[in-house]
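As structure tokens, the structure follows; a few thoughts come after it.
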Amino acid sequence: MDLKAKRLSARYTSFIFLLLLVFFGLSLAGNLVAWLRLDTLINSREETYIPMGFDTPFTLTRNRMDANYLEQTAESLVFLRYNVSPESVKANHKALLRFFDNEERPAMQEVLASEAQRVIDNNVTTAFYLSGFDTYPASGIVDIHGTVQQWIGNRKQLPEDKTIRMALRYHRGITTIQDFREQVDEKKK
């Protein structure tokens with residue numbers, strides 16, 4: 001009788017142990033599914049902002065930006081580069097450099113330093129007058145059309161039409177500049 005009870009208790013103990021392992025596996029699977037759903041919920045939550053100084057609200061998630069945000073950010077960054085005077089050029093370019101990707105920053109730092117030196121040495125003041133945008137939100141590209149007006153000293157130069165292509169990346173709530181260059185119009189050459 002004692003031997004039979006021992007076998008029966010060993011069987012129940014192993015059965016309970018297997019049952020606990022199954023519950024543990026289900027708990028791990030449930031926690032994994034909950035974690036994945038939570039990550040999706042956090043990264044896809046849309047927030048709408050109405051900024052001061054701009055006329056259009058925009059909507060963001062942690063990894064996606066809409067066309068309005070893309071245009072407003074590009075406009076601000078273009079103004080940092082092209083609305084400069086000898087007094088403001090270094091501060092503007094320093095603020096602009098913070099938005100560049102780590103890979104692009106050293107090359108752009110040299111370009112902006114040479115531009116700043118030219119502005120200071122020649123007493124140049126420039127203003128960018130925006131005329132329009134071509135926005136491609138899926139790829140993060142904005143083509144900005146406008147006119148750059150320059151003054152060297154007190155002499156006003158002829159206005160120059162420019163198209164600037166800016167590629168922006170928005171990931172985990174951080175906007176970085178991938179590319180910032182003037183488009184060359186082949187028809188004018």
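See the values below:
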{"quantity": "Restricting region 39-64 to residues that are in a strand (DSSP E or B) and open to solvent by 60 Å² or more (accessible area, probe 1.4 Å), the residue that is nearest to residue 77 (Cα to Cα)", "calculated": "49"}
{"quantity": "Single residue of 15, 99 found to be touching a Ser or Thr at 6+ places or on another chain (Cβ under 8 Å) and either modelled with pLDDT of 80 or more or over 17 Å from residue 171 (Cα atoms) (or both)", "calculated": "99"}
{"quantity": "Answer residue from region 115-157, given it is touching a residue at least 60 places away in the same chain (Cβ under 8 Å) and not in a loop (DSSP other than H, G, I, E, B) and is most open to solvent (accessible area, probe 1.4 Å) among those", "calculated": "133"}
{"quantity": "Tabulated pairs, region 158-184, first open to solvent by 60 Å² or more (accessible area, probe 1.4 Å) and at pLDDT below 90, second assigned to a strand (DSSP E or B) and among the polar types (S, T, N, Q), C-beta under 6 angstrom, 6+ apart or interchain", "calculated": "183/163"}
{"quantity": "Matching residues, region 70-105, being under 20 Å from residue 144 (Cα atoms), in contact (Cβ under 8 Å) with a residue 40 or more places away in the chain and among the hydroxyl-bearing types (Ser, Thr, Tyr)", "calculated": "73, 82"}
{"quantity": "Selected residue (criterion: farthest from residue 99 (Cα to Cα)) from residues of region 45-87 that are more than 13 Å from the chain's Cα centre (by Cα) and among the basic types (Lys, Arg)", "calculated": "45"}
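The values are calculated or read from the model by the stated rules, or taken from the named source; none is laboratory data. Keep in mind it's a predicted model, so treat the numbers as computed, not measured. So basically every Cβ, Gly included, is an ideal-geometry build from the backbone, and we count neighbours across all protein chains shown. Side chains are part of the model used for accessible areas, which takes the heavy atoms of the whole protein and leaves out ligands, DNA and RNA. Shrake-Rupley method; radii C 1.70, N 1.55, O 1.52, S 1.80 Å.
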